[in-house]
Every structure is written in C-alpha cells, then in structure tokens.
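Trainee: Sharing a structure below in structure tokens format, with a few things to ask.
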Amino acid sequence: MRSPPRRKAISEWLPNEIMNEIFQVASRADQAALCRISRLFHALCLAVLYRVVHLQTDASLVAFCSAILSNSALPELVRSFTVIAESETWRISIEGWQLLKNSLKTLIRLEHLSFDAADTPGLFRCTFPHLVSCILGIGHWTSTERENSAASFLLRHPALKSLDLLYPLDVRPTATARIPLLHLQRLRCPFRIVPGIEARCLEFARLDWEFGEEANDLEAIIVALKSMTHRDVPFICANDDCDDYFPEILASISRNIPYTKTLQMSMILLPQEHARSEIISHFTNYLPRFTSLLFLSLDVSFDCFGTNDAEDQISVQGLGDVCSTLVGCCLSGNAWRKVSGTWEKYPLEEFMALAGID
C-alpha cells in the first residue's frame with residue numbers, strides 16, 4: 001500500500017523573502033511566537049523583531065539593551081530606534097541610562113533615530129554612519145556644552161535627509177557656523193535654527209515661530225530658508241504658532257520663495273478681534289506673488305472659519321481669484337478643491353495627503 005505523500009513544510013516551498021514579508025505584518029506577539037517554531041523562523045523573525053525598535057517603558061529599555069549587549073549579532077539588525085522618555089509616565093532609571101549609553105554605541109546600522117529625553121550628551125557623542133532620519137527632542141537644552149554637542153552630532157551625520165529638532169521655548173542654541181546637511185530634504189525646527197543649517201534642495205520645512213518669541217531677524221530667516229530651496233524642486237512651507245508675525249512671514253515668503261507649492265499657516269492664540277475679512281485681506285494682498293502655489297492651509301484656533309460653508313466658499317473663491325494656480329484650500333479643518341472652476345468641499349485627509357502636509 002502506497003503511503004500518502006509527505007506534506008512539505010512551508011519553509012520548503014515558500015521563499016525566505018516571502019516569509020519575511022509575512023512576518024513583518026504579523027503582530028509583535030505573533031513574531032515572538034514564530035521565533036520559537038524553528039531555527040529558520042527564529043533567524044527570520046529575529047531580524048524583523050529588531051529592525052524597528054520602539055521603547056516606551058523602562059523595563060522594555062533594560063530588556064532590549066541587555067539583549068543587544070549580550071549578543072553581538074543583534075545590534076546590526078536594528079535600523080530604526082525610538083526612545084520617548086522623561087514624560088509624565090516614564091523616567092529612565094539609572095540602570096536604564098547606563099545600559100542605553102553603552103547600547104547606542106553598538107547600533108552601527110541605524111538609519112532612523114527618534115530620541116526625546118533630557119540627558120542627551122551621551123547620545124550626542126555617538127556616530128551612526130548610515131543615519132538618514134533623525135528626531136531629537138532634547139529637553140531643556142540651555143547650556144553651551146549641549147549646544148556644541150548637538151552641532152557636533154549633526155556635523156558627523158552629513159547624510160541626513162530628514163531632521164526634526166523639538167524642544168521647549170527656553171532653548172537658545174547659538175551657531176557659529178552653518179552646519180552642512182547638503183542631502184537634507186525635510187526640516188522641522190524652531191525658526192532660530194534655520195540660519196545655522198546649510199542645505200541645497202529642501203522639499204519640506206516646518207518652522208515653529210514660538211508664540212511670544214522675538215523674531216526681529218524674520219527676513220534673514222526666510223532668506224536663509226530660501227538658500228536651502230531650489231526653484232525646480234517643489235517646496236512645502238509650514239509655519240506653526242506664527243500668530244505674532246503671520247502677515248510679515250507671509251509677505252517674506254511670497255517675496256523670497258514665490259515658487260512655494262504648499263503653504264500652511266497655523267495660528268493658535270491669534271486675538272479674536274482679528275476678523276475673517278482682515279485675515280483674508282492679508283492673503284489677498286500677498287498670494288498674487290506666488291507663481292506655483294497649489295495648496296493653501298490656514299488654521300486658526302477660534303471659530304473665524306469652519307462654521308459657515310457659504311462664507312468659507314466665498315473666502316476660498318476670493319483666494320482662488322487672486323492666485324490662479326491654487327487648486328486646494330483648507331480653512332481650519334474644512335478643505336476645498338477647485339473642480340472645473342468651482343470650489344467644492346473635499347475630505348480633509350485627502351487634501352493633507354495631496355498637499356504633502358504631515
């Protein structure tokens with residue numbers, strides 16, 4: 001009697017590349033379980049488990065750091081590393097800090113780093129040869145030592161394509177020379193940082209104008225931003241907390257970077273005496289200077305816009321009349337698009353995706 005054909009194990013007929021794709025969409029718990037099935041699954045899942053690391057508790061930080069310090073093969077698997085600490089729910093322990101500082105030195109294949117904690121000098125002394133994306137929330141970075149350390153860190157990572165510098169209002173870094181980040185495509189930072197960075201083909205900039213902060217050198221900041229852009233590269237310019245200076249910022253951008261593709265102006269504490277007509281008037285004055293503007297987003301905190309569709313449509317129509325290239329407009333969460341010469345309501349998520357705003 002002929003025995004039934006042997007069923008092949010999945011690993012015998014499914015290529016490793018396909019299994020790797022499957023493992024990547026599995027949950028973290030399932031990935032950990034798959035690691036225990038076989039040596040092959042262990043090898044494949046381990047690479048997936050350690051590729052993207054996001055630590056949210058002290059226990060997970062200690063466990064991760066202990067693992068990679070005890071196994072020299074693990075650090076090379078890590079491509080993305082995120083630590084969000086010093087929050088209301090988490091303070092890194094002394095043991096965690098020591099392990100973290102030792103572990104950071106081993107992550108030689110790191111491509112993305114997201115780090116938000118107050119004690120950053122240990123991080124700034126590290127070098128990651130393959131780093132292309134970085135988010136730094138560097139706490140109360142007020143000392144000259146930390147400023148110089150951060151500048152030194154950026155100088156050692158000239159291949160960065162995306163840089164986010166996030167920190168409280170009392171941070172006052174000083175730059176003695178521009179830091180060359182010639183591959184930089186995306187920048188998010190307080191407005192004061194812009195003159196300290198040198199780039200050539202920036203595609204996206206989000207500036208925090210820090211409500212209440214003096215911006216006497218506003219024109220110089222926009223001119224420095226212009227030097228990072230190129231007329232042939234579509235440019236997205238987003239401005240947060242620009243309440244005190246939004247007419248001046250708008251005027252300077254229209255004068256210096258008229259080829260801007262997407263413009264976002266967000267105002268949180270703008271005095272309510274600024275009526276709709278006054279706000280629209282500023283944009284009506286300066287939008288004609290833009291030569292390539294496709295998307296405009298205006299976000300204010302109070303109910304100046306977004307409460308009356310008929311009024312919003314009139315406002316959007318007026319903006320479109322003075323800027324013939326405009327095809328999409330958002331007023332405080334309500335998006336509109338131009339269809340056959342008529343402005344129609346449009347899903348906000350689709351507008352944001354088309355405009356390239358995140």
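Each value in this text was obtained by applying a stated rule to the coordinates, not by laboratory testing. Remember, it's a predicted structure, so these values are computed and weren't measured experimentally. Note that we place each Cβ from the backbone using ideal geometry, even for glycine, and neighbour counts take in every protein chain shown.
Trainee: Which net charge results for the neighbourhood of SER254, defined as the other residues with beta-carbon distances under 15 angstrom from its beta-carbon, given Lys and Arg at +1 and Asp and Glu at -1? Each step should come with its number before you reach the end.
Mentor: Values: positive: LYS226, ARG231, ARG255, LYS261, ARG289; negative: GLU219, GLU248.
Counting the neighbours of SER254, the net charge comes to +3.
Trainee: If you take every residue apart from ILE135 with its C-beta less than 13 Å away from the C-beta of ILE135, what net charge results, scoring Lys and Arg +1 and Asp and Glu -1? Numbers along the way, then the final one.
Mentor: Details: positive: LYS161, ARG186, ARG188, ARG206; negative: GLU111, ASP116, ASP164, ASP358.
Taking every Cβ under 13 Å from that of ILE135, the sum is 0.
Trainee: Using a simple spin-label model with points 7 Å from Cα along the Cα→Cβ vector, what separation in nm is obtained for ASP309 and THR291?
Mentor: Using points 7 Å along Cα→Cβ, the separation is 3.8 nm.
Trainee: Using the Karplus curve 6.51 cos²θ - 1.76 cosθ + 1.60 with θ = phi - 60°, what ³J(HN,Hα) values do you get for each residue of the range 124-132, in whole Hz, with x for Gly and Pro?
Mentor: Coupling constants for the range 124-132: 5, 7, 8, 10, 10, x, 9, 5, 10 Hz.
Trainee: Need the list of lysines near LYS261 for cross-linking: C-alpha distance under 22 angstrom, and skip anything on the same chain fewer than eight residues off.
Mentor: LYS161, LYS226, LYS338, LYS345
Trainee: Among residues other than THR229 whose Cβ falls under 13 Å from its Cβ, what is the net charge (Lys/Arg +1, Asp/Glu -1)? Write down the numbers at each step before the final one.
Mentor: Numbers: positive: ARG186, ARG200, LYS226, ARG231, LYS261; negative: GLU198, GLU203, ASP232.
Result for the neighbourhood of THR229: +2.
Trainee: Another one. Which value in nm describes the separation of the simple spin-label points at VAL322 and CYS201, placed 7 Å from the Cα toward the beta carbon?
Mentor: Placing both labels 7 Å beyond Cα along the Cβ direction yields 3.4 nm.
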